[in-house]
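Below is one structure, written out as structure tokens; comments come after it.
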Amino acid sequence: MFPLRITGLRFQPNGRAVLDGLDLEVSGEGISVVLGPNGTGKTLLLRLLAGLLPADGGTIRWGEAASPSERLAMVFQQPMLLRMSVFTNVEFALRPQALTSAERHRRTNEVLERVGLAHRTGDCARLLSGGERQRLALARAWAMRPRLLLLDEPTASLDPSATEAVERIIREIRTEGAKVLMTTHNLGQATRLADDIIFLANGRVQEHESAQRFFARPQSPAARAFLQGELPWRIAFDH
Amino acid sequence: MSQTLLDALALLGSFDHRLLEIVGLSLRVSLSALTIGTLLGLPLGAWLAVARFPGRGGLIVLLNALMGLPSVVVGVLVYLLLSRSGPLGSYGLLFSPAAMIVAQSLLVVPLIAAVSRQIVEDAWKDYAPEFSLIGIGRMQAVVLLLTDCRFSLTVATLAGLGRAMSEVGAVMIVGGNIDGYTRVMTTAIALETSKGDLALSIALGLVLMSLILGLNVAAYSVRCWASRRYG
């Protein structure tokens, strides 16, 4: 399934190129963080990889194959939780897999324990706090044992302690062998979590470096401006 | 006018046998039709919400149009089906409560299906990406969405019940309004009013309105409770 090779990826809704010939190669280990100003196609890239949208051009190769050979999961910025219990919100995601009911229950309880929601299994998921909801969404994805986990701004609008809890879970998922590809606007979070940074601007990858190198010596003018906090629309217009 | 109202209240207060019989049959027929309508309409609506096939748009337009189907037209259709010379005439159902249930079911199914289709489709737009990635199939999605939208779907079933209980044309045609056998509240009101027995008409009207109001209060309470309990 890896390396994931993206070549000339284009997405042009109504003729406007959001992704404009994006090239990228992603290894199967660690946490890759996608950074970039608003509207540069970070979420779109994840959705295209997840197969939720058809690209207008370019190719995505998963190792030697055209489609992923192993499971991938995605956690959305606003995860959809069923009006059912916390337990059911994880367990239902395992139903399409060839698992016995006992195995589904065991796995569900295990991940809920690991994300700190074991004491709330019977509660209704819609009544959880923002941080708990995101942990539940991560638990659901984790229970599926994905080889690739796509996270779209998983801590947007969470407070520092909820963010810390989510980051701890993401690290654990990575440690268990899943590749994590995530977007964020939180540069502190990117510094804490990322093994490598993929910087997008103007519909392309401007820079793909180790996190340490990216934050110490960004190579592209767009990345330098972004890290210095310049206004995103200026970046878009100037380059 | 005030004497008529007093007579109507007296009928209600005395639990008039004739009145209770009519109310009982109305409830039996309408709730049976509602059960059939719910069992068929909800899955049909949910399936239409998630399925994608050629002609789906046309089917949705047809279903929406059937919501406004005149009840007398349904009455005539069921009459033709169940009459002695009709394809189902051998069952001898015409002018029976069963025929009234069939007619009301035909009115209720499209209404419940159309409303539930809209409710489930709105939810489906939100859930579709997650379900797709998880690998949830269409039929599983139908079950999950019906469960998830269960409290909103009470609106669809209430609309169905309202349609069934207030309907008069179809049950008049296929039931025949036979005293003690197929006379329900709406047909009795029509008949008694034309005969000039306004007290019974008003008493039945009060019962009908109270029932519908009571059911709506119950449904509203359930929705409020569910909103607090399930978010």
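The values are calculated or read from the model by the stated rules, or taken from the named source; none is laboratory data. Values in this document were obtained by computation on a predicted structure and should not be read as measured data. Quick reminder, even Gly has a Cβ in these numbers, built from the backbone with ideal geometry, and neighbours come from all protein chains shown.
Annotations for the structure displayed:
- Condition met for B:Ser14 (surrounded by 15 or more Cβ atoms within 10 Å (Cβ to Cβ) and either touching a Cys at 6+ places or on another chain (Cβ under 8 Å) or of a type in the set (S, T, N, Q) (or both)): no
- A count restricted to segment B:85-124 and to residues that are modelled with pLDDT of 95 or more and either at positive phi or within 14 Å of chain A (Cβ to nearest Cβ) (or both) stands at 6.
- All of B:Pro110, B:Pro129 fail the test of being of a type outside the set (D, E, K, R), surrounded by fewer than 19 Cβ atoms within 10 Å (Cβ to Cβ), touching a helix residue (DSSP H, G or I) at 6+ places or on another chain (Cβ under 8 Å) and not in a loop (DSSP other than H, G, I, E, B), apart from B:Pro129.
- Residues in segment B:63-77 that are over 28 Å from B:Ile136 (Cβ atoms) and part of a helix (DSSP H, G or I): B:Ala65, B:Leu66, B:Ser71, B:Val72, B:Val73, B:Val74, B:Gly75, B:Val76, B:Leu77.
- Condition met for B:Leu25 (in a helix (DSSP H, G or I) and closer than 29 Å to B:Leu93 by Cα): yes
- Tabulated pairs, segment B:116-134, first of a type in the set (Val, Ile, Thr), second surrounded by fewer than 16 Cβ atoms within 10 Å (Cβ to Cβ), C-beta under 7 angstrom, 6+ apart or interchain: B:Ile134/A:Pro96
- Scanning segment B:148-165 for residues that are outside any helix (DSSP H, G or I) and either among the acidic types (Asp, Glu) or away from chain A (no Cβ under 12 Å) (or both) yields nothing.
- Any hit, segment A:102-125, residues being away from every other protein chain (no Cβ under 14 Å), touching a residue at least 40 places away in the same chain (Cβ under 8 Å) and in contact with a Leu (Cβ under 9 Å, 6 or more places away or on another chain): yes
- Residue list for segment B:166-203, restricted to those being of a type in the set (S, T, N, Q) and not in a loop (DSSP other than H, G, I, E, B): B:Ser166, B:Thr186, B:Thr187, B:Thr193, B:Ser194, B:Ser201
- Restricting B:Arg52, B:Arg28 to those that are surrounded by fewer than 20 Cβ atoms within 10 Å (Cβ to Cβ) and within 30 Å of B:Ala203 (Cβ to Cβ) reduces the list to B:Arg28.
- Selection status of B:Val78, more than 14 Å from chain A (Cβ to nearest Cβ) and buried (at least 16 other Cβ atoms within 10 Å of the Cβ): yes
- Residues satisfying the stated conditions in segment A:104-119, i.e. under 17 Å from A:Ala93 (Cβ atoms) and part of a helix (DSSP H, G or I): A:Arg104, A:His105, A:Arg106, A:Arg107, A:Thr108, A:Asn109, A:Glu110, A:Val111, A:Leu112, A:Glu113, A:Arg114
- Number of residues in segment B:173-231 that are within 14 Å of another protein chain (Cβ to nearest Cβ) and either aromatic (Phe, Trp, Tyr) or free of Cβ contacts under 8 Å to residues at least 60 places away in the same chain (or both) equals 5.
- Looking only at segment A:217-239, and only at residues there that are modelled with pLDDT of 90 or more and under 21 Å from A:Met182 (Cβ atoms), the one that is surrounded by the most Cβ atoms within 10 Å (Cβ to Cβ): A:Ala222
- The residue that is surrounded by the fewest Cβ atoms within 10 Å (Cβ to Cβ), counting only those in segment A:56-101 that are within 12 Å of chain B (Cβ to nearest Cβ) and assigned to a strand (DSSP E or B), is A:Ser85.
- Within segment A:36-55, the set of residues being away from chain B (no Cβ under 14 Å) and either of a type in the set (Phe, Trp, Tyr) or in contact with a Ser or Thr (Cβ under 7 Å, 6 or more places away or on another chain) (or both) comprises just one member, A:Lys42.
- Neighbours by Cβ (under 9 Å, 6+ apart or cross-chain): first from segment A:16-32, at positive phi; second of a type in the set (A, V, I, L, M) and surrounded by 14 or more Cβ atoms within 10 Å (Cβ to Cβ): A:Gly21/A:Leu9; A:Gly30/A:Val180; A:Gly30/A:Ala194
- One residue stands out in segment A:181-198 among those that are assigned to a strand (DSSP E or B) and in contact with a Ser or Thr (Cβ under 7 Å, 6 or more places away or on another chain): the one that is surrounded by the fewest Cβ atoms within 10 Å (Cβ to Cβ), namely A:Asp196.
- Condition met for A:Phe87 (in contact with a Ser or Thr (Cβ under 6 Å, 6 or more places away or on another chain) and among the hydrophobic types (A, V, I, L, M, F, W, C)): yes
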